[in-house]
Amino acid sequence: MREATGAREGQAYLDTVVILTAAFLVCIPSLFNGFPFIFIDTSDYIILTPRLYRSPFYQLFVFLTGFRISLWGVVAVQAVLATHLAYLVFCSFADRRLFLAAVAVLAIASSLPVFVGFVMPDIFTGIMFLAIYLLCFEWGRRATLTRAYLFGVLVVAISVHLSHLLMAVGMTLFSAGLGFWQSKPTRAVRPGVLVAAAACGLAALASVGYNKAVFGRAELSPAGQSFLLANLVGYGPARDELRETCPGAGYRLCAYQADLPANADLLLWRPGPFVALGGFEAMREESAAIVRATLRDRPGSVLIVVGQNFFRALTTLAPAANIRPLAGAGEDTAPRIAALIGKVYGAGDEIAFTASRQSRDTWPVAEMNVVGIAVVALSALIILGQIVLGWRRDRNFSVLALYMAAAYCGSSLICSALSGVHDRYQARVTWPLVLVALMVVARQLDRLRRGDAASDLAVAAR
């Protein structure tokens, strides 16, 4: 009894050391930068001011982890969460002794360190997918405390970004369908699926409750229709709808048809028609009306745009695309955000941000993008091979590979349909693909070292 307890405590201590070491490894790029990576949207998250178009829960996460002392606290917690869930998945199928080697590859050649280092909710997309997988497919192997932890992480991950709820619901349903398709016993899949579904419901209730309390609207996303309108205008269908129905339709936007930019970001964030008409708050009802009319009158055009964007999104995944000096919201963008960082976190963080490689435009963006895209392409081939060639022999691990491929495709579909095609939307979910590909390699190395039969028995025992 004492020996068993001691062994468990020793393993728990070793696991903690491994996870903290892995977290440090994925923080090295942001340490090299000299400051956490900052995106324009970060300015909305480092304050607790309500924004109709932002999740308040990532604001709260930043507040609780940065302690109004330094943004490094945010990066540290994100690193620990991401590497811990990666460790849980890795150890389910591969030798845990190879985990740090795998993380070293992830730190050098994947998007994981980029999004761990960004003060943005994007890292939680991959964390969310890993948590859903662990709940739905590894439920029976996890202790009660671990299950509760995964549930809490999943609720947070869903809540921190407006697009995550759709993805989480989709992947929970996919997991349920995949489990039944495998003819697994119902009891082996159902508890985890139900818990994942409960996390989706709790996150949805939290969003609705917040929006009702703060904005007076019991809605999941009061600004969602405006994002969709901007996307449909930018890619054409809503622009065509306005051209044919104005001025008879009575939309205020009719008066600005000639001034509508062919880019969703320009429409929403730059001075122009949308801003002049009052922005997200004032345009909420009209945005919804135009979107409904466009979907009703031009379903074919909308489907074509969605399909085109989806396939473009699959290969738009440069990991370092946004590690550049801040720009896009006026010439004072970088100084304004630097001043805000200084106001909230002190002069030290402001100076460090201004002196960072990102701000000085000396980060090796092109090189990192080339390596990152090449590694994702190779990972996709490895995962495809695992699904096709390993399905009969290694069904459970092939399910993980299929799940991650589906998660990447689902994320690409949802984000490109709602907000257009942007590198960071896809790049933020490529690191779980690389993780699974590294697990394939680790398992093959294990087979070569031990022999095929012995390796299979060892994996089953773990």
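The values are calculated or read from the model by the stated rules, or taken from the named source; none is laboratory data. Only a predicted model underlies this, so the values are computations on that prediction, with no experimental measurement involved. We place every Cβ from the backbone using ideal geometry, glycine too, and count neighbours over all the protein chains shown. Note: accessible area is taken over every heavy atom of the protein model, side chains too, but ligands, DNA and RNA are not part of it. Shrake-Rupley method; radii C 1.70, N 1.55, O 1.52, S 1.80 Å.
Some values worked out for this structure:
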| item | result |
| --- | --- |
| Search result, residues across segment 308-333 that are closer than 27 Å to Ser110 by Cα, open to solvent by 20 Å² or more (accessible area, probe 1.4 Å) and not charged (D, E, K, R) | Gln308, Phe310, Phe311, Leu314, Thr315, Thr316, Ala321, Asn322, Pro325, Leu326, Ala327, Gly328 |
| Residue, nearest to Ser111 (Cα to Cα), within segment 289-301, restricted to residues that are open to solvent by 20 Å² or more (accessible area, probe 1.4 Å) and not acidic (Asp, Glu) | Ser301 |
| Enumeration of residues in segment 213-229 that are open to solvent by 30 Å² or more (accessible area, probe 1.4 Å), assigned to a helix (DSSP H, G or I) and either under 18 Å from Gly279 (Cα atoms) or in contact (Cβ under 8 Å) with a residue 24 or more places away in the chain (or both) | Val214, Phe215, Gln225, Phe227, Leu228 |
| Test: Ala109 is at pLDDT below 95, open to solvent by less than 50 Å² (accessible area, probe 1.4 Å) and not charged (D, E, K, R) | no |
| Answer from Gly66, Gly34 - the residue that is touching a Ser or Thr at 6+ places or on another chain (Cβ under 7 Å) and of a type in the set (Gly, Ala, Ser) | Gly34 |
| Enumeration of residues in segment 76-131 that are under 19 Å from Val153 (Cα atoms) and β-branched (Val, Ile, Thr) | Val77, Val80, Thr83, Val89, Val116, Val119, Ile123, Thr125, Ile127 |
| Tabulated pairs, segment 354-366, first open to solvent by less than 70 Å² (accessible area, probe 1.4 Å), second among the basic types (Lys, Arg), C-beta under 7 angstrom, 6+ apart or interchain | Gln358/Arg324; Trp363/Arg357; Val365/Arg324 |
| Pro273 at negative phi and free of Cβ contacts under 8 Å to residues at least 24 places away in the same chain | yes |
| Qualifying residue in segment 89-97 (condition: closer than 23 Å to Ala347 by Cα and either surrounded by fewer than 18 Cβ atoms within 10 Å (Cβ to Cβ) or without any contact (Cβ under 8 Å) to a residue 12 or more places away in the chain (or both)) | no |
| Positions within segment 254-279 being touching a Lys or Arg at 6+ places or on another chain (Cβ under 7 Å) and not in a helix (DSSP H, G or I), in sequence order | Leu260, Leu277 |
| Qualifying helices (runs of 4 or more DSSP H) (wholly inside segment 104-180; at least 1 residues being basic (Lys, Arg) and either over 30 Å from Ile341 (Cβ atoms) or touching a residue at least 24 places away in the same chain (Cβ under 8 Å) (or both)) | 144-159 |
| Segments classed as helices (runs of 4 or more DSSP H), wholly inside segment 284-388, with at least 3 members that are within 23 Å of the chain's Cα centre (by Cα) | 299-314 |
| Any chance Ala427 is among the hydrophobic types (A, V, I, L, M, F, W, C), at pLDDT 95 or above and open to solvent by less than 20 Å² (accessible area, probe 1.4 Å) | yes |
| Residue among Ala131, Ala157 that is at pLDDT 95 or above, farther than 23 Å from Ser221 by Cα and open to solvent by less than 10 Å² (accessible area, probe 1.4 Å) | Ala131 |
| Any pair with Cβ under 8 angstrom, 6 or more apart, that starts in segment 60-86 at a residue that is touching a residue at least 12 places away in the same chain (Cβ under 8 Å) and under 19 Å from Leu31 (Cα atoms) and ends at one that is among the β-branched types (Val, Ile, Thr) and open to solvent by 80 Å² or more (accessible area, probe 1.4 Å) | none |
| From Leu232, Leu242, residue being open to solvent by less than 40 Å² (accessible area, probe 1.4 Å), without any contact (Cβ under 8 Å) to a residue 60 or more places away in the chain and assigned to a helix (DSSP H, G or I) | Leu242 |
| Filter pass, Gly278 being farther than 27 Å from Leu166 by Cα, open to solvent by less than 60 Å² (accessible area, probe 1.4 Å) and of a type in the set (Gly, Ala, Ser) | yes |
| From Ala101, Ala109, Ala157, residue being within 21 Å of Asp15 (Cβ to Cβ) and not charged (D, E, K, R) | Ala101 |
| Condition broken by Ile46, with the remaining ones in (1) at pLDDT 95 or above; (2) open to solvent by less than 20 Å² (accessible area, probe 1.4 Å); (3) closer than 30 Å to Leu326 by Cα satisfied | (1) |
| Residue in segment 397-411 that is open to solvent by 50 Å² or more (accessible area, probe 1.4 Å), assigned to a helix (DSSP H, G or I) and out of contact with any Pro (no Cβ under 6 Å at 6 or more places or on another chain) present | yes |
